[in-house]
């Protein structure tokens, strides 16, 4: 059974995310996870934890594959071809990466708020 991140921890970890870019065609069945990520990212807890967080959506009418891109504080990107993942798998991978970043800051004695 995978690790479960609480809402409080999840919100706190999203301080490390600059932008979330979501691209999908709403009429394409392959876009289910991209649409779910978009829905979940609308939660006010993410904006409260990170007021600078930008959610960019590109709703198109093309047959392009749906994708979700998380840009982190250091401009590194986590890219997902979302037709191959469920929303929970995408968020789990993102949470693991963010938790690792949080641990690195803590181990170095720095605070992300100091950045």
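The values are calculated or read from the model by the stated rules, or taken from the named source; none is laboratory data. Not measured: the values here are computed from a predicted model. For neighbour counting, all protein chains shown are included, and Cβ atoms are generated from backbone atoms with ideal geometry for every residue, glycine included.
What is the residue count in the stretch 44-79 for residues that are over 16 Å from residue 28 (Cβ atoms) and either assigned to a strand (DSSP E or B) or touching a residue at least 24 places away in the same chain (Cβ under 8 Å) (or both)?
19
So, of the residues in the stretch 68-87 that are surrounded by 17 or more Cβ atoms within 10 Å (Cβ to Cβ) and at pLDDT 95 or above, which turns out to be farthest from the chain's Cα centre (by Cα)?
80
Does any residue of the stretch 103-115 turn out to be modelled with pLDDT under 90, surrounded by 13 or more Cβ atoms within 10 Å (Cβ to Cβ) and in a helix (DSSP H, G or I)?
Yes, some residue in the stretch 103-115 is modelled with pLDDT under 90, surrounded by 13 or more Cβ atoms within 10 Å (Cβ to Cβ) and in a helix (DSSP H, G or I).
For residues in the stretch 8-35 being over 18 Å from residue 101 (Cα atoms) and surrounded by fewer than 18 Cβ atoms within 10 Å (Cβ to Cβ), which is farthest from the chain's Cα centre (by Cα)?
27
Can you find a residue that is touching a strand residue (DSSP E or B) at 6+ places or on another chain (Cβ under 8 Å) and either part of a strand (DSSP E or B) or at negative phi (or both) anywhere in the stretch 8-15?
Looking through the stretch 8-15, none of the residues is touching a strand residue (DSSP E or B) at 6+ places or on another chain (Cβ under 8 Å) and either part of a strand (DSSP E or B) or at negative phi (or both).
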